[in-house]
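Where a number appears in this text, it was derived from the coordinates with a stated rule and is not lab data. Just so it is clear, the model here is predicted, and its values are computed rather than measured. Counting neighbours? That spans all protein chains shown, and the Cβs are built from the backbone with ideal geometry, glycine included.
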Ligand code: XMP
């Protein structure tokens, strides 16, 4: 098993949680770092990993404020994921990956639209060298996802027409990705992607709560980790909310599914 998959499974087991907290804190009063640290410190017991996005990277800087958050996450036993959706030519992708991994991120999210050669190959090479993870987009959670990820395209491997997201799922297997992203807002797409990945590559699913996704539908379709941001960080009591969501997930897993999807 790859190092990133292993630390995620370990963290899930220790925490009894499948929540990846999207720490998308916004604060106009220059208290951003303190606010982000506070939410992490309150909610860490109920989550299995942390995901950071540009909400923190742009104002705080990767090697300054964000690094402090990553150090704290690691002290609390939490793996961290950078949601940069890397999407450039190979030379630039290599620099993106090296910098985020050097700052302490355990995995980064990348976009398979750019392909392998001179595209994502350098990211996978850096990840292997540094024992880190790569998570690929397959179907995003927003309304217009169908315009790109849902297109019917020619599958060069099979010679047949196929939805783009299923080709991306097959590439996740072929390239040895540590996870894929499929929006909880489209459980039917998760189900199809799961049929390709068969649990070999875990599905990370954003879009629960604020974007309309449903915990039970996403898990039943095959999502493994649920990425949750605003429903927790904007709650009056983020720790209590994270705990409640964790318990709902575990209830679905034990009552409805009996075992892992
Ligand atoms: P909310 O507040 O909607 O936060 O619970 C969700 C977080 O996940 C990001 N997001 C995505 N990231 N692929 C990704 O890689 C997606 O399809 C996707 N949809 C949402 C969002 O930016 C936020 O950080």
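Nearest 5 percent is fine: what portion of the DSSP beta bridges confined to the chain is antiparallel? Could the numbers behind the result be given before it?
Values: 4 of 30 bridges.
Beta bridges within the chain, antiparallel portion: roughly 15 percent.
Would you mind giving the average projected area, over all directions, of the Cα convex hull of region 30-125 in nm² with one decimal? Please list the in-between numbers first.
Values: hull surface 24.5 nm².
Mean projected area for region 30-125: 6.1 nm², to one decimal.
Binning at 10 angstrom from zero up to the longest distance, how are the C-alpha pair distances of region 183-261 distributed in percent?
In order of increasing distance, the bins hold 20, 51, 26, 4 percent.
Could you state the per residue volume, in Å³, of the convex hull enclosing the Cα atoms of region 151-207?
Values: hull volume 4.2 nm³, N = 57.
For region 151-207, the hull spanned by Cα atoms encloses 74 Å³ per residue.
What is the spin-label model distance, in nm, from residue 210 to residue 248 if the labels are put 7 Å beyond Cα along the C-beta direction?
About 1.5 nm separates the two model spin labels.
Between residue 102 and residue 128, what length in nm is gained on full extension when 0.36 nm per residue of separation is reduced by their alpha carbon distance?
Details: separation 26, 0.36 × 26 = 9.36 nm, distance 1.35 nm.
Result for the pair: 8.0 nm of gain on full extension.
Which residue, 168, 63, 124, tops the fluctuation ranking in a GNM of the chain built on C-alpha contacts under 10 Å?
In this elastic network of the chain, the residue with the biggest mean-square fluctuation among 168, 63, 124 is 63.
Sequence gap at least 6, Cα distance under 8 Å: using those rules, report the relative contact order of region 140-207 to the nearest whole percent. Working shown, then result.
Numbers: 85 pairs, mean separation 22.4, N = 68.
Relative contact order here is 33 percent.
What base-10 log of the normalised intensity I(q)/I(0) is obtained for region 127-261 from the Debye formula, alpha carbons as equal point scatterers, at q = 0.14, 0.16, 0.18 Å⁻¹?
For the requested q values the scattering log ratios are -0.66, -0.84, -1.01.
If I take every Cα pair under 8 Å that is 6 or more residues apart in the chain, average their sequence separation and divide by the length, what percent do I get for the relative contact order? Let's see the in-between values first.
Values: 484 pairs, mean separation 48.5, N = 261.
Computed value for the chain: 19 percent relative contact order.
Please report the antiparallel percentage of the DSSP beta bridges confined to region 110-259, to the nearest 5. All intermediate terms of the calculation are to be shown ahead of the outcome.
Values: 4 of 15 bridges.
Among the beta bridges of region 110-259, antiparallel pairing accounts for roughly 25 percent.
Considering the Cα positions of the chain, please state its Rg to one decimal place and its Dmax as a whole number of Å.
For the chain, the Cα-based Rg and Dmax read 17.4, 55 Å.
Using a Gaussian network model of the chain whose springs link C-alpha atoms within less than 10 Å, name the residue from 158, 141, 220 with the highest mean-square fluctuation.
Largest GNM mean-square fluctuation: 158.
Give me the number: length gained by fully extending residue 256 to residue 35, i.e. 0.36 nm times residue separation minus the C-alpha to C-alpha distance, one decimal in nm. Kindly include the intermediate steps, with their values, before the conclusion.
Numbers: separation 221, 0.36 × 221 = 79.56 nm, distance 3.64 nm.
The residue 256-residue 35 span can extend by a further 75.9 nm.
Just subtract the alpha-carbon distance of residue 188 and residue 10 from 0.36 nm times their residue separation and send over the number in nm, one decimal. It would help to have the intermediate numbers written out before the result.
Working: separation 178, 0.36 × 178 = 64.08 nm, distance 2.86 nm.
Answer, rounded to one decimal: 61.2 nm.
Based on the Cα coordinates of region 123-181, what is the per residue volume of their convex hull in Å³?
On the way: hull volume 4.6 nm³, N = 59.
That works out to 79 Å³ per residue.
Using r as the Cβ-Cβ distance of residue 146 and residue 26, and R0 as 30 Å, what FRET efficiency do you calculate, to the nearest 0.05?
On the way: r = 28 Å, r/R0 = 0.94.
Here the calculated transfer efficiency is 0.60.
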